[in-house]
1. Do the conditions hold for residue 14, that is, is it modelled with pLDDT under 90 and on the phi < 0 side of the Ramachandran plot?
2. Identify the residue in segment 38-57 that is among the hydrophobic types (A, V, I, L, M, F, W, C) and over 16 Å from residue 8 (Cα atoms) and, among all such residues, is most open to solvent (accessible area, probe 1.4 Å).
3. Filter segment 1-37 down to residues that are open to solvent by 70 Å² or more (accessible area, probe 1.4 Å) and hydroxyl-bearing (Ser, Thr, Tyr) and give me whichever is farthest from residue 59 (Cα to Cα).
4. Under 6 Å between Cβ atoms, which residue pairs at least 6 apart in sequence (or on different chains) link something in segment 47-60 that is in a strand (DSSP E or B) with a partner that is of a type in the set (Asp, Glu)?
5. In contact (Cβ under 8 Å) with a residue 40 or more places away in the chain, open to solvent by 30 Å² or more (accessible area, probe 1.4 Å), touching a strand residue (DSSP E or B) at 6+ places or on another chain (Cβ under 9 Å) and among the hydrophobic types (A, V, I, L, M, F, W, C): does that describe residue 70?
6. Could you say whether any residue in segment 21-38 is over 26 Å from residue 74 (Cβ atoms), assigned to a helix (DSSP H, G or I) and at pLDDT below 85?
Amino acid sequence: VYSYWQTVLERGIDTLWFSPTMLSMLLSLEDDDDLDLSVLKQRIKIALVGMAPLPVRLKEQFEARFGFPIHENYALSETTFLTTNRPGMKY
């Protein structure tokens, strides 16, 4: 069920970039008792979300379930992001 997270853990990935649709899809998956997702909280240095507006409720649900903060950013997908909220920044 969590083959996405298994790949993140196996390959030592510490930076993620999502779309709101991806967050919704990951939230729709059932829990996998064989995979300890709490390690993500220590592993992920930064997670960004772009390509569409991020509903506050979706952000809160994702962070509560997976244990690491996500930061919204804005720019063209074919260029580097131009603005983002930063760790510790209040909404």
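The values are calculated or read from the model by the stated rules, or taken from the named source; none is laboratory data. Note that this is a predicted model, so its numbers are computed, not measured. Cβ: placed from backbone, ideal geometry, glycine included. Neighbour counts: every protein chain shown. The protein model used for the area step is the full one, side chains on, heavy atoms only, and it has no ligands, DNA or RNA in it. Shrake-Rupley method; radii C 1.70, N 1.55, O 1.52, S 1.80 Å.
1. The answer is no for residue 14.
2. 51
3. 3
4. 49/72
5. When the stated conditions are applied, residue 70 does not pass them.
6. Among the residues of segment 21-38, at least one is over 26 Å from residue 74 (Cβ atoms), assigned to a helix (DSSP H, G or I) and at pLDDT below 85, which makes the answer yes.
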